[in-house]
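Colleague: What follows is a single structure, and I will ask about it in a moment.
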Amino acid sequence: MTAMTEQNRVPASLNGSIDAAKDQIDDPDMLAFVGRRTPLERHAIARLLDIDGAALAVLKWIAEQADCDPATRAMIFWRLRGVPPRDDQGLDFVDARNDVLRSIKAKAFDDAASTARIAWNGLEAWTQFPLINAAPFAGIEDDPDACRRFCGPFGEERAEPACFAFLDEDYSSDDMFDALWRVHYHEAAVVDWLRGKSADIWLAAVGDLLGSHPDAVFEWMVVQPDCPDAVAARIFWEYETPSLRSSILKRWRSSGFVKSGLDFRRYVGDGDGALADDLPADLTSPQPGRAPLDGNLSEDFIWWVASVSIGGLVERPRQKAEADWQATLSTRRDSDEPMPPPTRAEVDSNYRWLNLITALAFGVTIALWRTGFTKPATIAFIAFLIIIPLYMGAVTTGGFWRTVKWLATVAVASIALAFLFRFIDTGALI
């Protein structure tokens, strides 16, 4: 289990809407919700739920239903047997898991003639850890005869992402599951969609997700063995999270990333602070490569729902979500070809011009004020307050946090100058 996955998981409480001691769902709203779900939807949900504590009651309920597909029952069986417990769980999970495993085995022997219709690859979500025939944890009952019944073959019907099971529900339904996910369905849907895609798609996906809060997805991307160098470089330069940058830099200097042949020079920044020292040459001055292929990832409804959900809310029910998606596609098709995002060098150039305008505005305002032209000075200052926001709205200045830091610097400089001139004029600061 990677540290990244641990960070992406919310610890489940043993209290709340589910009575973990009885392994029963006591919340009528949650019971009604899972009862309305189809076998395919339950499969998608069970794949991402935590194993122990409150989530165990939901897994048990799903496995005991008459319409539970053998593939879903097998998936729950192998997950209970082989997925590590939470760090805070200790060995308390063993008895509870064994009780549910016995229930699942009894149900499987009763339904021995059932044929699986749902597809399952035998791997744990997110980590892709092989579950089938993996050694059980200490204390978990090992039953070779039962294990053979859960090895497949499985079916061909593929479940939609777990987030789709919620599309026809109010957002309050999601709250019931907030503490039960091992991996949240938003991030899992993005990761599932990206598996097996080309370097061009991964690079475009980074661009789509930059305006959201994709830390978990980006962390997943940069630890994948097949992560392209252009993708890691773009995340490094454009998503300024110290821990993520440190992880990328460590791998860049050791095993490295897969050479994609993509040209990622446009994403390279100048480096600042600690980053200015001892950066790898091929990260700061990469060789020219081929241009990434054009493509609109949002033409895929699954990608659109998953990527939008990470940064905000998707309209519900599903009919509204699909209408919103179609409207987004129509707007894009009807508009002119969008301008490519500015490079880091272009953003820095915009800031240099912004700083020049600010310095000139300060100079003119102070000169007028010090020579006694207070009214023109006031007009110049007001013009300055108008021009700066207009300029910042017309150019790209590197994102919200960089703009905030710049405005804070200007504010501090203005206050410092005001105190300085007051001291020059009166000999006192207050």
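The values are calculated or read from the model by the stated rules, or taken from the named source; none is laboratory data. Just so it is clear, the structure is predicted and the values come from calculations on it, not from any experiment. Virtual Cβ from ideal backbone geometry, glycine too; neighbours counted across all protein chains shown. Quick note on the areas: whole protein, heavy atoms, side chains included, nothing else; ligands and nucleic acids left out. Shrake-Rupley method; radii C 1.70, N 1.55, O 1.52, S 1.80 Å.
Colleague: Output the helices (runs of 4 or more DSSP H) that fall wholly within region 232-317 and possess 3 or more residues being open to solvent by 20 Å² or more (accessible area, probe 1.4 Å) and not hydrophobic (A, V, I, L, M, F, W, C), or say none.
Modeller: Qualifying helices (runs of 4 or more DSSP H): 242-253.
Colleague: How many of the residues making up region 163-187 are assigned to a loop (DSSP other than H, G, I, E, B), open to solvent by less than 50 Å² (accessible area, probe 1.4 Å), more than 26 Å from Ala205 (Cα to Cα) and of a type outside the set (Phe, Trp, Tyr)?
Modeller: 4
Colleague: Check Ala134 against each of (1) under 28 Å from Gly35 (Cβ atoms); (2) out of contact with any strand residue (DSSP E or B) (no Cβ under 8 Å at 6 or more places or on another chain); (3) open to solvent by less than 50 Å² (accessible area, probe 1.4 Å) and name the one condition it does not meet.
Modeller: Unmet condition: (1).
Colleague: Let me ask something else. Can you confirm whether Glu219 is of a type outside the set (Lys, Arg), farther than 30 Å from Asp174 by Cα, surrounded by 14 or more Cβ atoms within 10 Å (Cβ to Cβ) and in contact (Cβ under 8 Å) with a residue 40 or more places away in the chain?
Modeller: no
Colleague: Given Phe93, Phe77, which one is at pLDDT below 95 and either buried (at least 16 other Cβ atoms within 10 Å of the Cβ) or in contact with a strand residue (DSSP E or B) (Cβ under 7 Å, 6 or more places away or on another chain) (or both)?
Modeller: Exactly one of Phe93, Phe77 is at pLDDT below 95 and either buried (at least 16 other Cβ atoms within 10 Å of the Cβ) or in contact with a strand residue (DSSP E or B) (Cβ under 7 Å, 6 or more places away or on another chain) (or both), namely Phe93.
Colleague: Scan region 28-38 residue by residue and report those that are open to solvent by less than 50 Å² (accessible area, probe 1.4 Å) and outside any loop (DSSP other than H, G, I, E, B).
Modeller: Once the filter is applied, which keeps residues that are open to solvent by less than 50 Å² (accessible area, probe 1.4 Å) and outside any loop (DSSP other than H, G, I, E, B), region 28-38 yields Met30, Ala32, Phe33, Val34, Gly35.
Colleague: Cβ-Cβ under 6 Å, sequence separation 6+ or interchain: first residue in region 173-200 and under 15 Å from Val222 (Cα atoms), partner among the polar types (S, T, N, Q) and outside any helix (DSSP H, G or I). Which pairs?
Modeller: Ala199/Ser260
Colleague: Sort through Arg9, Arg42 and tell me the only one that's modelled with pLDDT of 95 or more and either surrounded by 20 or more Cβ atoms within 10 Å (Cβ to Cβ) or among the charged types (D, E, K, R) (or both).
Modeller: Arg42
Colleague: Next question, about the same structure. Condition test on Ala66, is it aliphatic (A, V, I, L, M), modelled with pLDDT of 50 or more and in a helix (DSSP H, G or I)?
Modeller: In short, no.
Colleague: Does Gly155 fit the bill of being open to solvent by less than 10 Å² (accessible area, probe 1.4 Å) and closer than 23 Å to Lys105 by Cα?
Modeller: no
Colleague: Additional query: Among the listed residues Asp192, Asp208, Asp142, which satisfies the condition of being in a loop (DSSP other than H, G, I, E, B) and open to solvent by 50 Å² or more (accessible area, probe 1.4 Å)?
Modeller: Step by step, each of Asp192, Asp208, Asp142 is checked, and only Asp142 is in a loop (DSSP other than H, G, I, E, B) and open to solvent by 50 Å² or more (accessible area, probe 1.4 Å).
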